[in-house]
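Worksheet for the structure shown next.
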């Protein structure tokens, strides 16, 4: 599992910041409703909005999680009525076992200079 997660993180860094032409062409081939330009537009929007790589991920790697942030999200969902207080055991929902290790930070830096 660790190797799969780490490979995914490295893959995301290469896709976002490296040469993603072949990947976008494959996406367009498999899904004709998603032309290359749409994939590139999605990448640009993800970067602009900090959807995949921002905040803690800049130092801890893409996929960084914080148990306090998960609890805060859960508390907000309880307040919104989506869950009842105590309905979800957060210790069974999230683990940081395979993230927050800085994997891929070196790849981003190599590709972006930052």
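The values are calculated or read from the model by the stated rules, or taken from the named source; none is laboratory data. Here the structure is a predicted model, which means the values were calculated and not measured. No Cβ is skipped: glycine too gets one built from the backbone with ideal geometry, and neighbour counts run over all protein chains shown.
Okay, here's what the table says:
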read-out	value
Qualifying residue in the stretch 37-50 (condition: under 30 Å from residue 84 (Cβ atoms) and either part of a helix (DSSP H, G or I) or assigned by TED's automatic domain parsing to the domain that holds residue 109 (or both))	no
Any hit, the stretch 64-79, residues being closer than 30 Å to residue 22 by Cβ, in a loop (DSSP other than H, G, I, E, B) and touching a helix residue (DSSP H, G or I) at 6+ places or on another chain (Cβ under 8 Å)	yes
Residue within the stretch 24-38 that is under 17 Å from the mean Cα position of the chain (by Cα) and surrounded by 13 or more Cβ atoms within 10 Å (Cβ to Cβ) present	no
The stretch 83-114: number of residues that are closer than 25 Å to residue 52 by Cα and surrounded by 10 or more Cβ atoms within 10 Å (Cβ to Cβ)	21
Residues of the stretch 51-63 satisfying the condition of being surrounded by 14 or more Cβ atoms within 10 Å (Cβ to Cβ) and part of a loop (DSSP other than H, G, I, E, B)	52, 53, 56, 61, 62, 63
